[in-house]
1. Just name the residue that is nearest to L9 (Cα to Cα) out of those in the stretch 19-77 that are of a type in the set (S, T, N, Q) and without any contact (Cβ under 8 Å) to a residue 24 or more places away in the chain.
2. Filter the stretch 1-22 down to the residues that are open to solvent by 30 Å² or more (accessible area, probe 1.4 Å) and at pLDDT 95 or above, then identify the one that is farthest from G66 (Cα to Cα).
3. Of the residues that sit in the stretch 24-77 and are assigned to a strand (DSSP E or B) and among the aromatic types (F, W, Y), which one is modelled with the lowest pLDDT?
4. Looking at the stretch 9-37 only, could you name the residues that are within 13 Å of the chain's Cα centre (by Cα), more than 27 Å from T63 (Cβ to Cβ) and not aliphatic (A, V, I, L, M)?
5. Across the stretch 46-72, what is the total count of residues that are polar (S, T, N, Q) and touching a Leu at 6+ places or on another chain (Cβ under 9 Å)?
Amino acid sequence: MYAVDDEELEQTIGRLLLDRHLTIAVAESCTGGLIADRITDIPGSSAYFERSYVTYSNASKLTELGIPADVLRDHGA
């Protein structure tokens, strides 16, 4: 269980981050930004949402996220 009543997962995450004075950033690939979209649909999420990267290609994973080429080669995206 992650929430009570009608609270959505992204609301629970936001509440927990605020309660703990934490922030979050995400790097997405196959989700194409869906996680960031759900988080930022919550009013006031700018208080805990730092940034998001959608890095779909391996080249962007290398340049934007700094994932080593050998990791991508050996394990895939």
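1. T40
2. D19
3. Filtering first and then ranking leaves Y53.
4. Within the stretch 9-37, E10, G14 meet the criteria.
5. Counting residues in the stretch 46-72 that are polar (S, T, N, Q) and touching a Leu at 6+ places or on another chain (Cβ under 9 Å) gives 2.
Table: residues versus (1) of a type in the set (A, V, I, L, M, F, W, C); (2) open to solvent by less than 70 Å² (accessible area, probe 1.4 Å).
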residue: I24; (1), (2): yes, yes
residue: S46; (1), (2): no, no
residue: E64; (1), (2): no, no
residue: P68; (1), (2): no, yes
residue: R73; (1), (2): no, no
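The values are calculated or read from the model by the stated rules, or taken from the named source; none is laboratory data. Being a predicted model, the structure only gives us computed values, none of them experimental. Cβ sites come from the backbone with ideal geometry, for glycine too, and all protein chains shown count toward neighbours. Heads up: the accessible areas ignore ligands, DNA and RNA and are worked out on the full protein's heavy atoms, side chains in. Shrake-Rupley method; radii C 1.70, N 1.55, O 1.52, S 1.80 Å.
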